[in-house]
Every structure is written in C-alpha cells, then in structure tokens.
1. So if I check each of 73, 93, 103, 109, which one is β-branched (Val, Ile, Thr), open to solvent by 20 Å² or more (accessible area, probe 1.4 Å) and not in a helix (DSSP H, G or I)?
2. Is it the case that segment 37-47 has a residue that's in a helix (DSSP H, G or I), among the aliphatic types (A, V, I, L, M), under 11 Å from residue 135 (Cβ atoms) and at pLDDT below 90?
3. What are the residue pairs meeting all of these: first residue in segment 37-62, first residue exposed (fewer than 15 other Cβ atoms within 10 Å of the Cβ), second residue of a type in the set (Ser, Thr, Tyr), Cβ atoms under 7 Å, and 6 or more apart or on different chains?
4. Given the conditions (1) open to solvent by less than 90 Å² (accessible area, probe 1.4 Å); (2) not in a loop (DSSP other than H, G, I, E, B); (3) not hydroxyl-bearing (Ser, Thr, Tyr), which single one is not true for residue 66?
5. Across segment 109-128, what is the total count of residues that are within 14 Å of residue 46 (Cα to Cα) and out of contact with any helix residue (DSSP H, G or I) (no Cβ under 7 Å at 6 or more places or on another chain)?
6. Looking at the structure I just gave you, is residue 126 of a type in the set (D, E, K, R) and assigned to a strand (DSSP E or B)?
7. Take segment 51-63 and flag every residue that is under 13 Å from residue 90 (Cα atoms) and in a helix (DSSP H, G or I).
8. Looking at (1) more than 15 Å from residue 40 (Cα to Cα); (2) modelled with pLDDT of 90 or more, which is the one condition that is false for residue 78?
Amino acid sequence: MPGRGVQDAAGTGPGRTVVVPRAGERVPARRAAVPQLRPTDRFAELLLAVLSGRRPVHAMLRHTAGPAYDELIRLAERGPLRTRGTRPVVRDIGYFEPREGAIEAFARIGAGDRLRAMAFRLERGRDLRWRCTAVELGGPRPHRAAAR
C-alpha cells in the first residue's frame, strides 16, 4: 500500500487522516478545486463594475430583465460608487431565496473607510440563466436633528 496514514497535525478536522508519501515515491499531482461562484457573487461584481464606472452600463444588457436595466442606467449616471484613490470592492454578500428560481441579495461595498449597501434581485429564466430584475443602492444615512 503506497504511503502511510498519519493523524492530521494541521487541524483540518477531527479524525481526518492524510496520506504522506514514502521517500522516493511518486504521487500524482492534484489540481486544486476551483470554487464555483454563486450567481450572487458574480452579479455583485458585475453591478459594482458598472456603478463604479469600470464597465459601461450596456455590459449588463443581457444580464438584466424588466425595469432593472432602466434603474441601472439611472444609478450609473450619478456614478455612486466612483471613488478617488481606493477602488471599491465587495466586502460581504448575503442572500435570501423567497422561492425557487429567485434570489434577493445584498452586498456591502467598501472603498477605504466608506461602506455602502447594494441590494439586487435575481431570477432564473426559462433558459436557466440568472438575470437581475431589480437593483437598489443605499447611500449614507441622513443625520438626524439633535433631540432638544
């Protein structure tokens, strides 16, 4: 039997065993598993690229349905995520599936010490492709007047 089993000292899990090859023994190379992006991850990045001015709005034309494209045009004209210096990045994504074939998602967008919120809805079409059907962007909250 090639190799020998030893308890995993790296802490990859309780009771897991890793195989350590013996000296001079050839082990077939394994390719690292490439994690599949969820549709929420992909769309958050696409929407960020458009709203930060790195991609034109028409890049989302085939990825949107219904009034979402018009809303995206309106949002992109204002350039809400364009920044000087630090490039905005997706910091966190959360989602909820209200029904099969629909995802309501939010993303926290960070640029330096600023944090913005973006919400979007994805729906799977008959062709099994996900399309953005709604997009909203939250800005800084208005300051409340001090209580007297």
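The values are calculated or read from the model by the stated rules, or taken from the named source; none is laboratory data. Because the structure is predicted, anything quoted here is derived from the model rather than measured. Neighbour counts run over all protein chains shown; Cβ positions are idealised from the backbone, glycine included. Ligands, DNA and RNA are excluded from the accessible area calculation, which covers all protein heavy atoms including side chains. Shrake-Rupley method; radii C 1.70, N 1.55, O 1.52, S 1.80 Å.
1. Being β-branched (Val, Ile, Thr), open to solvent by 20 Å² or more (accessible area, probe 1.4 Å) and not in a helix (DSSP H, G or I) holds for just one of 73, 93, 103, 109, which is 93.
2. No, the conditions are met nowhere in segment 37-47.
3. Going by the 7 Å Cβ cut-off, the qualifying pairs are 61/69.
4. (2)
5. Total satisfying the criteria: 2.
6. no
7. 51, the sole residue that qualifies.
8. (2)
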